[in-house]
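Worksheet: one structure, shown below.
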Amino acid sequence: MRTSFLPLLFAHLLTGILLMASTPEVEARMPSPEAYLESALANDWLHTTSGEHFAWHARGAANDLIHGYEAYRDPAWLEAAETYFAFLIDRLQVDPDGFEGWIGRTIWDETGRAPGDADYRADSLVGDALLLAPMVRFAELVLKDPELEAFFGSTARRYVHLAERIGWEKWNRRGTYYRCTAGYGSYKMHDYLIDAETWEWTPQGDGDRRRSDNLNKHHAMGTVFLRLYRISGREEYRERVIEIYGRMKNLFRLLPGERVTWNFWMPHGPHDLRDDGSLRSWVAVHPNRSGYQAGEVGRMVEVYDSGLVFTRDDLQRMINTNHWMELPDGTWRSSDGSTDAGQLWTALARFDERIYQRAAAALENPTSDRGLMRLAHFEADVAPHRGWNRRNVRARDHAHEYALDPRPGEHLSMTMVVPNRFAAAGGETARLVTRVRGEGELRIELLDASGSRVLGALAVVQVDDAPTYLAPVWDGTNPETGRQQPGSFQLRWSISGESRTEPVWVE
């Protein structure tokens, strides 16, 4: 331990003890950050994996060490995090384009899904995001506390620089960020892999691996930008957060009982469709990994706490959903009821008594250092902040709640026009990408820009009870006039009393 920050340690320990005075288990035994660090570095996965797979295994301890500081206010946790992050940074390599990344075997090769990838290496958006996010959180904690900044300031600024260079500049330069005309943002996979022998770019051979990333991966990088925004106040980071999470809110499906759900992956741009209009990935709530949505809820709560995109009503709908997911016998179902892949969304504990009590009960009687730390973090960082106050809004910030109520999605599980701007006069077309769950007459209609006047039907299809995917082509013809007409319009999908609309621009 740095002896020079012992006075700082005592001050922060006093704060921590006061925060945890009501937690006898924590007072009796506080984990050693040095021992926690030693255990984290001994994790075999950190020495046998690489690339994105390495990042998934390394992220747990990275976040735990930050939570340890938030729980105990002992700067020794930050020192342990600094050492752990130095280990992570030492694993960085340089891509052919000169940018650093956590490069290694592809996630498909590491998990045995694509043995043909053995000769290639790659970094990934989510791998970068998973490891940059706790570093930026470290920087945020340090740079807003003058005493911490005196000891950790240079390290914190280095983390900010890394996040800006790796998370922002690299992926922007690669052209992987896609922003549609409606203002929604997403990331697509990089078009290139690295030849392991020559260390030069080689094009991805499979078009299905040039599609949009899964939603949780956009959100992971969005969290990095959210924290950078809170540190710097830079408007470009704020705008990117709004674009990424605004899309998330647009994809919400409203279900009976004021519940919401959303799919694991959704198409966004032309790169997500094959030439025949079929999708390059599957659309559904993840059938067996409930942790994805639980993690996304946590990220959405952080966005809410920063005064952006999400409203109290949005969070209340998530609370309603999580209540519905828990069955009377204590088992769980997914947020749309399609599988048994459900779990407690503990990020909502501050806002709801039932979720709070279940989260607290799950932390009782910890039997490991990690359990003790998580209990202490809950007592110090969750319990004192119950209620709807936004925790991370400061005087300089300006709120931007995204004014869009969720639209029905029990039967209409996917409705979008891809792309939502196209040059009909130049021969371009769009696909009316549709997934229906239910039986009845599906209507896709063209409306004027205000959505108040129906210009005619573009498709009328009778569908049966099985899930149905459709992607009819539209060449921009206005059915009211029979001519291609430039301008802005709305498309409306309707079936069984549900309707959803999306904007479209025709040139």
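The values are calculated or read from the model by the stated rules, or taken from the named source; none is laboratory data. Computed from a predicted model, the values in this text were never measured in an experiment. Neighbour counts run over all protein chains shown; Cβ positions are idealised from the backbone, glycine included.
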*asked:* Is it the case, given these coordinates, that VAL417 is under 28 Å from the mean Cα position of the chain (by Cα) and not in a strand (DSSP E or B)?
replied: no
*Select, from LEU491, LEU442, LEU446, the only residue that is within 33 Å of the chain's Cα centre (by Cα), touching a residue at least 60 places away in the same chain (Cβ under 8 Å), farther than 30 Å from GLY298 by Cα and not in a loop (DSSP other than H, G, I, E, B).*
LEU491
*Some residue of the stretch 216-231 being under 12 Å from MET300 (Cβ atoms) and surrounded by fewer than 22 Cβ atoms within 10 Å (Cβ to Cβ)*: yes
*What number of residues within the stretch 83-118 are touching a Leu at 6+ places or on another chain (Cβ under 9 Å) and either in a loop (DSSP other than H, G, I, E, B) or of a type outside the set (Gly, Ala, Ser) (or both)?*
13
*asked:* Name the residue that is farthest from GLU52 (Cα to Cα), counting only residues in the stretch 138-147 that are buried (at least 24 other Cβ atoms within 10 Å of the Cβ) and under 24 Å from the mean Cα position of the chain (by Cα).
replied: ALA139
_Given the criterion within 23 Å of TYR292 (Cβ to Cβ) and at pLDDT 95 or above, identify the matching residue among PRO146, PRO134._
PRO134
*Kindly list the number of the only condition in (1) over 23 Å from ASN389 (Cβ atoms); (2) of a type in the set (D, E, K, R); (3) in contact with a helix residue (DSSP H, G or I) (Cβ under 8 Å, 6 or more places away or on another chain) that fails for ASP329.*
(3)
*The lone exception for LEU455 - which of (1) outside any loop (DSSP other than H, G, I, E, B); (2) within 26 Å of ASN263 (Cα to Cα); (3) more than 29 Å from the chain's Cα centre (by Cα) it fails*: (2)
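Per-residue answers, yes or no, for (1) surrounded by fewer than 20 Cβ atoms within 10 Å (Cβ to Cβ); (2) free of Cβ contacts under 8 Å to residues at least 40 places away in the same chain:
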{"residue": "TRP262", "(1), (2)": "no, no"}
{"residue": "ARG274", "(1), (2)": "yes, no"}
{"residue": "ARG289", "(1), (2)": "yes, no"}
{"residue": "GLN293", "(1), (2)": "no, no"}
{"residue": "ARG299", "(1), (2)": "no, no"}
{"residue": "SER306", "(1), (2)": "no, no"}
{"residue": "MET318", "(1), (2)": "no, no"}
{"residue": "THR331", "(1), (2)": "yes, yes"}
{"residue": "SER334", "(1), (2)": "no, no"}
_Index of the failed condition, GLY98 passing every other in (1) at pLDDT 95 or above; (2) surrounded by 13 or more Cβ atoms within 10 Å (Cβ to Cβ); (3) within 22 Å of ILE166 (Cα to Cα)_ = (2)
*asked:* Checking the structure you have, find out if any residue of the stretch 343-350 is under 20 Å from the mean Cα position of the chain (by Cα), crowded, with 23+ Cβ neighbours inside 10 Å and not in a helix (DSSP H, G or I).
replied: yes
*When you look at SER368, is it under 20 Å from the mean Cα position of the chain (by Cα) and hydroxyl-bearing (Ser, Thr, Tyr), yes or no?*
no
_Being small (Gly, Ala, Ser) and surrounded by fewer than 22 Cβ atoms within 10 Å (Cβ to Cβ): is that true of GLY104 here?_
no
*For the stretch 30-81, which residues satisfy the criterion of being assigned to a helix (DSSP H, G or I) and on the phi > 0 side of the Ramachandran plot?*
GLY51
*Which ones in the stretch 250-259 are surrounded by fewer than 21 Cβ atoms within 10 Å (Cβ to Cβ) and either among the basic types (Lys, Arg) or outside any helix (DSSP H, G or I) (or both)?*
PHE252, LEU254, LEU255, PRO256, GLY257, GLU258
*Hey, can you tell me all the residues within the stretch 192-221 that are without any contact (Cβ under 8 Å) to a residue 40 or more places away in the chain, out of contact with any Lys or Arg (no Cβ under 9 Å at 6 or more places or on another chain) and closer than 19 Å to SER281 by Cβ?*
GLY205, ASP206
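In the list ALA122, ALA118, ALA150, which residue meets the criterion of being closer than 22 Å to PRO96 by Cα and over 28 Å from the mean Cα position of the chain (by Cα)?
On the way: ALA122 fails: over 28 Å from the mean Cα position of the chain (by Cα); ALA150 fails: closer than 22 Å to PRO96 by Cα.
After applying the criteria, what remains is ALA118.
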_Residue that is nearest to GLY60 (Cα to Cα), among those in the stretch 181-236 that are part of a helix (DSSP H, G or I) and of a type in the set (Ser, Thr, Tyr)_ = THR223
*Got a number for residues in the stretch 398-423 being surrounded by fewer than 21 Cβ atoms within 10 Å (Cβ to Cβ) and farther than 24 Å from SER186 by Cβ?*
2
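Got a sec? Which of ARG435, ARG370, ARG431, ARG391 is assigned to a loop (DSSP other than H, G, I, E, B) and basic (Lys, Arg)?
ARG391
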*Close pairs from the stretch 133-155: first in the same structural domain as ASN63 (by TED's automatic domain parsing) and assigned to a helix (DSSP H, G or I), partner of a type in the set (Phe, Trp, Tyr) and at pLDDT below 95, Cβ under 6 Å, at least 6 apart*: PHE151/PHE5
